[in-house]
Amino acid sequence: MPITSLLSNGKNFIKLSSDPIVVIAPKGKIRKKTWRNTRSIALALVLIVLLTCFSMYGYLAGKSEENVELKQQVVTQHSAGNERNSTNTAKVEKPTFGEGNTNKKHHDPSHGLVTILEERLSSLNEALSIFHAKLQNEYSYQYYSFVFDRDTVMDKDFRADSLSSKNRLKRRLQEKILKSLSTNGEGSGATFTWATGGHSASAGHGNLFSQSYTHVMTDAAAPVFESVGLNFIGKNYAMGGTSSGSNIALCMDQIFGIDIDILSWDYGMTDSRMTTCNSYLWMNRIALHPTTPIAVTFAGKTWSTNGTGLITFDQQSLKDKIAGLPDSSTIEDIESLPNSLRYMTCGGKIESKDGVCEGHKWNTSGFCTKTTFQASWHPGWKIHKLKGRLMAFFMVESLHEAMEDLYSIVSSDTLTIDNAEKLRDSLISQDEVDINQFLNRTMEGYDYGLKGKQNGEGQRDIETFNIAKDAMYRSANIICQTTILPSETRYNGIATNTGHVGDFRDKKYDAGFSNTNPPIRNKGTRENPQTLLLMYDGKERKRAVCDENVIFAIDFKDYYLLRDDDGWVSTTFPNDMEIDSYSDGSAMNGFILLCGDYCYFGKCPEDWIFFSEELLNDSKSGLTIEIDGEPVVAAKHFGTCFFLENKNNGLNWGPGKDGSGQYKIDLKMNKAGGALKILAIIAI
């Protein structure tokens with residue numbers, strides 16, 4: 001067996017550090033050892049030499065015709081600040097600890113897969129050494145071993161709901177590793193994408209956008225993934241003041257993208273009492289997502305998975321970890337603490353405003369003269385950094401496990417790249433088994449969290465829900481036209497049907513009009529209607545950046561504005577690009593929803609007009625909507641959205657004109673001076 005196989009012992013790859021008191025132990029865990037018994041060391045070294053000689057003798061005797069040269073490639077970190085191969089990824093700053101090649105050379109199919117994986121495993125271990133050294137430098141060796149204790153991070157901080165979920169994450173990583181070895185053109189663009197969903201704290205409000213935990217994770221994890229030929233992409237698509245239910249869950253593909261590997265849920269503060277209902281909808285939509293990403297929830301409890309992968313980032317475990325760190329109010333020499341921990345807690349309170357911790361929660365003054373969103377419920381940069389580094393630790397250690405197990409699978413034979421592609425197909429077929437497990441589960445007795453109907457955003461018309469639940473929870477063919485940012489459908493010009501591609505940095509996407517300077521248009525008629533008017537809040541945009549275009553936030557509730565001045569407005573939904581990008585070709589179930597605007601914590605301006613059933617068909621002060629020429633006569637509440645109802649067929653609007661899945665929607669605001677905001681149109 002190869003030398004590297006001997007060192008790995010099949011499962012746990014062991015790499016000795018050049019530092020005599022530091023060992024990267026099984027599966028990458030760093031432990032400090034005090035060597036007192038030199039006789040034990042000498043005996044151990046003799047035993048290793050004898051075992052190595054014996055192993056090499058057996059290996060050469062059995063495979064003398066194969067002269068496998070192990071090529072060690074030392075791959076250090078490449079500049080993570082380069083543009084990623086995806087729009088609106090979390091921009092990664094250039095690391096300070098070196099750069100090197102990307103290990104993405106073309107491999108000869110005749111080159112044994114075992115040897116290639118050995119090379120990448122060696123590169124991975126080199127990158128892991130740099131990664132752990134970076135964390136030790138940021139948290140000091142004294143606290144590193146406590147904060148990043150491997151068993152605690154992998155089994156307690158990040159808790160899989162079952163062994164199946166662990167295996168699903170491992171399998172996803174292995175599929176991507178094998179994809180990176182492909183010779184059919186896929187390999188050079190192999191990615192692993194984490195998309196973050198959540199509220200304002202997740203978005204990083206109060207901090208620079210680059211200080212958000214998604215960005216911090218990407219900064220540390222990307223170079224390690226790059227060492228095995230994968231481009232790690234972190235997309236922070238969290239949105240202030242939103243819950244996970246209704247339009248976010250139903251618009252999942254359009255907001256987060258159709259090629260993601262992990263989708264995180266961090267809506268605990270905004271979902272509140274509706275967490276159960278919203279989380280079931282969220283998990284079901286994840287299962288039906290085109291790539292069925294692994295779900296990572298920021299919560300203290302574990303949800304039901306039903307055939308999908310689920311990892312919980314336990315926030316109570318995180319609090320317990322922080323409680324075990326030094327209290328700055330009790331430290332005489334405060335400068336002795338690493339900057340990442342200094343002033344994190346005072347008097348037992350996290351990011352306290354009291355004592356020596358006062359004024360140290362934020363780190364924006366060196367970049368901006370003006371700040372925004374610095375509220376008490378938004379965590380500061382040190383908490384974001386700790387979360388992000390723990391997330392990176394979990395991801396790179398999971399990658400290490402996946403790589404070792406993959407090497408163990410293939411090490412019995414010298415396989416070719418063609419075999420790697422077949423092996424990848426085999427792993428993907430196991431994913432299909434999981435999806436069938438989900439689809440075949442009966443919905444009878446399913447707990448949707450609807451006990452005790454809530455008011456406000458949490459309202460669910462239970463009768464309507466029972467009619468539409470099969471489509472919402474089991475149909476893969478849902479198309480959403482959302483106006484909010486960040487969202488892939490906006491950045492790629494799909495929602496606007498123009499194909500204009502941009503992101504939050506270059507702003508080349510279709511932005512619409514500022515509400516500070518709205519356009520004046522001719523009044524539309526039935527024969528010559530106006531188009532939907534895409535608008536954004538100009539003041540909100542200005543607050544999101546500071547000096548020299550340093551970004552605070554990228555999340556904005558842009559909207560379609562329906563004004564009485566515009567007369568009749570018409571749109572064809574879904575548009576052609578939406579059909580091409582999101583339709584699976586099957587017929588629509590015939591449900592159409594409109595999702596209106598909502599306010600932060602229920603505080604709404606007095607002059608706002610909200611969509612409601614009462615607004616419909618009031619010729620003087622209401623709203624008129626027609627779908628394919630048929631009037632909307634009622635609207636049934638579902639969270640922030642409304643199911644539209646017609647007179648003859650209730651909630652069902654059929655498959656669209658000529659079965660195309662497209663509907664002609666005509667709208668008119670009847671109230672003089674009235675205006676209505678629409679954030680999404682959804683067809684199920």
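Report note on the peptides 466-478, 421-433: ranked by the mean count of other C-beta atoms within 10 Å, highest first, their order is 466-478, 421-433. When you count the other C-beta atoms within 10 angstrom of each residue and take the mean per peptide, 245-258, 286-299 line up highest first as 245-258, 286-299.
Would you work out which of 545, 590, 570 lies farthest towards the positive end of the dipole of segment 542-591, given +1 charges on the beta-carbon of Lys and Arg and -1 on that of Asp and Glu, about the Cα centre? The residue sitting most towards the positive pole is 545. Between amide H atoms placed 1.01 Å from N, distances below 5 Å from residue 545 occur with 552, all of them 5 or more places distant or on a separate chain. Other residues whose C-beta falls under 11 angstrom from the C-beta of residue 571 contribute a net charge of 0, scoring Lys and Arg +1 and Asp and Glu -1.
Extent of segment 123-259 along its three principal axes (Cα atoms, max minus min coordinate, largest first): 45, 43, 33 Å. Taking the average, over residues, of other Cβ atoms within 10 Å as the packing measure, peptides 209-217, 336-344 rank 209-217, 336-344 from highest down. Against the empirical curve 2.2 N^0.38 Å, the C-alpha radius of gyration of segment 529-679 lands at a ratio of 1.16. The ratio of the alpha-carbon radius of gyration of segment 198-330 to the globular-protein estimate 2.2 N^0.38 Å is 1.12. Using the Cβ of residue 624 as centre and a radius below 15 Å, the other residues enclosed give a net charge of -2, where K and R count +1 and D and E count -1. Report the normalised scattering of segment 301-424 as log10 I(q)/I(0) at q = 0.10, 0.14, 0.17 Å⁻¹, calculated by the Debye formula with identical scatterers on the alpha carbons. Here the Debye-derived log intensity ratios amount to -0.54, -0.79, -0.98.
Summing +1 for each Lys or Arg and -1 for each Asp or Glu among the other residues whose beta-carbon sits under 15 angstrom from that of residue 354 gives 0.
Every read-out reported here was derived from the displayed coordinates using simple, explicitly stated rules and does not represent laboratory data. Keep in mind it's a predicted model, so treat the numbers as computed, not measured. Backbone-built Cβ (ideal geometry, glycine too); neighbour counts: all protein chains shown.
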